[in-house]
1. Across segment 198-212, in residue order, what do the Karplus-derived ³J(HN,Hα) couplings come to in whole Hz, using 6.51 cos²θ - 1.76 cosθ + 1.60 with θ = phi - 60° and x for Gly and Pro?
2. Spin-label point model (7 Å from Cα, Cβ direction): what's the Ile77 to Asp257 distance in nm?
3. Quick check: net charge around Glu214, other residues with Cβ under 12 Å of its Cβ, Lys/Arg +1 and Asp/Glu -1?
4. Going through the cross-link list Lys127/Lys183; Lys79/Lys174; Lys127/Lys196; Lys127/Lys197; Lys183/Lys289; Lys100/Lys197, which pairs have a Cα-Cα distance over 25 Å in this structure?
5. Given the peptides 138-148, 228-238, arrange them by the average over their residues of other C-beta atoms within 10 Å, most packed first.
6. How much net charge surrounds Gly157 when only other residues with a Cβ under 12 Å from its Cβ are counted (Lys, Arg +1; Asp, Glu -1)?
Amino acid sequence: MQQPSSSSPPAQPPPAAATDAPSPAPAPTPAPASLSPPQAPAAAAPLTPAEPALTAAQKALRSKPSRSPEDPEKKQIKKLKDVEISFPIVYGTISFWLGKKASEYNSHKWTVYVRHANNEDLSVIVKRAVFQLHPSFTNPTRVIEQPPFELSETGWGEFEIAITLYFHSDASEKRVDLFHQLKLYPEEEAGPQSTKKPVVVETYDEVVFTEPSEAFFLRVQNHPAATVPRLPPGITLSSPGPMEHMPHDRKRYDNKDHPLSQWYSNFSEADELLKLAAARQQVQAHIAKLRRQLSMIEGMPQQSRGLSVPGQQYGHG
């Protein structure tokens with residue numbers, strides 16, 4: 001369920017990424033021609049403009065991991081037909097303006113992450129997360145193998161971040177690819193930049209495992225991160241066999257105490273229902289207004305009706 005309008009800041013250079021580590025061979029080209037700080041070895045390709053962030057109400061899609069090629073040695077794995085296990089996730093960025101500490105090439109500190117929608121431990125399914133940053137960063141491919149699945153950087157420009165989630169072997173799935181647009185600058189209606197209030201952009205999604213293996217089902221069925229349905233009639237589970245050993249299971253990671261958790265969006269079902277109800281009321285009010293206007297037009301004499309241009313009804317004429 002991929003979902004997660006940006007305003008351009010005054011007198012800012014074109015969107016670009018920044019790298020923290022200096023390079024031993026500075027480029028002789030002028031700074032504006034490079035997407036990296038002056039000490040970067042080469043200019044990067046132009047970045048795409050920031051894409052509008054989607055709202056939580058647009059969470060209709062569900063991400064299904066790409067399945068690994070069939071392994072002859074794994075053909076004996078028992079699959080549970082007509083069963084789906086889902087894990088609600090949120091991925092996004094939180095960026096802080098550095099204020100007086102800001103420089104031309106390091107104006108913001110930001111964090112990109114993938115978390116459980118209710119801040120439960122995602123490592124029950126995620127083995128590692130790979131973040132692909134802009135090529136002007138030092139080591140742009142970052143691999144995170146334990147929770148929290150996140151990384152922090154500093155920079156001055158916006159770009160798209162690719163996120164790939166890899167799962168534990170008993171999930172029998174290969175990976176999920178996500179894409180998120182880093183946003184540093186607030187919308188105009190949000191007011192000026194502040195060092196105390198960050199720019200937060202998050203996207204809700206659900207990772208869905210279809211026809212999971214029996215071993216995977218038994219391991220996650222009671223985990224708070226999982227949404228597990230009732231088994232269809234006729235399906236019986238055998239006693240659990242050997243399971244994949246995961247050291248991090250000894251102490252479950254609690255994302256609720258994360259220092260950035262106060263800025264996380266609330267994607268609970270109740271919150272979504274309230275937003276949908278409010279949107280429905282707005283649509284119904286707009287429909288009623290259009291019906292009144294249409295009724296007024298139909299009640300006008302034929303000659304006057306011809307002079308009534310629809311655009312004029314809305315102030316466009």
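Just so it is clear, none of the values below were taken in a lab; they were calculated from the coordinates. Owing to the predicted nature of the structure, the values given are computational and were not obtained by experimental measurement. Neighbour counts are summed over all protein chains in view; Cβ atoms, including those assigned to glycine, are modelled from backbone coordinates with ideal geometry.
1. Each residue of segment 198-212 in turn: x, 8, 10, 10, 10, 10, 8, 8, 9, 8, 10, 9, 8, 6, x Hz.
2. 3.5 nm
3. For residues surrounding Glu214, the net value is +2.
4. Lys127/Lys183; Lys127/Lys196; Lys127/Lys197; Lys183/Lys289
5. Averaged packing, sorted descending, gives the order 138-148, 228-238.
6. Around Gly157, the charge tally is -3.
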